[in-house]
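**Student:** Mind looking over this structure? Questions follow.
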Amino acid sequence: MNQRKDAQTRFWIRNPDSLGNLVDQRLIEAANRVWERARLTVIRYLAEDTEAPEILEAAVDSASRALGNCRSIQFFEAYLLRSVAREAIRRYRRSQRLAYVDTADLDRLAGPVYLDLDSKLDDAKRIEILRACMDEHGRTMYDLRVLGLDWGYIAKLMGYADAHSAEVQFRKKIDKALDRFRAYHKSRSKPQRSE
């Protein structure tokens, strides 16, 4: 099953919220609209999307409770995305704490390693993180190229003058995404200072 579709099936908004208030339908619709962006935000900080449904569900619950307490939320989508980003950053920082493991446990966990499968999984994860570093147009162009469509068709579809213009713009988007990707990996490899 497609990883994104699998994640979408795990996404569920509890109605009523944790205080017993009915969740505003506009809030549920906003959550469905921002799902992919929220998922990519979580990937950007946590390098995987397994916690994305839980984080977005909690953001919707929090927004619903705020509305129930007569607080006004003007832009539901922006509120949800900001909440998701804050929680993803909080979880990223919490995960940076050191965990010491006994060497006997490491030997048992290591077990047999299948290098080909591991490298394929690593490559897939890198591509997913790189996609998360792209803007929406860059992701669309990337997906169209993966599907085997030529630059002429992509140029017409995306509103560029010709195939060359589309390719040049895509390369610029890839360069920006690679800068973000490198910055992400550089920040993850730095040792955290104890406070």
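No lab work stands behind these numbers, since they all come straight from the coordinates. Predicted model, so just to flag it, every value in this text is computed and none were measured. Quick reminder, even Gly has a Cβ in these numbers, built from the backbone with ideal geometry, and neighbours come from all protein chains shown.
**Student:** Rounded to the nearest 0.05, what FRET efficiency is calculated for residue 12 and residue 124 with R0 set to 25 Å and r the Cβ-Cβ distance?
**Tutor:** Calculated value: 0.45.
**Student:** Under unit Cβ charges (Lys, Arg +1; Asp, Glu -1), what dipole magnitude, rounded to 20 debye, does segment 18-61 have relative to its Cα centre?
**Tutor:** I would put it at about 220 debye.
**Student:** Using R₀ = 25 Å, calculate the FRET efficiency as 1/(1 + (r/R₀)^6) where r is the Cβ-Cβ separation of residue 70 and residue 29; round to 0.05.
**Tutor:** Plugging the Cβ-Cβ distance into 1/(1 + (r/R0)^6) gives 0.70.
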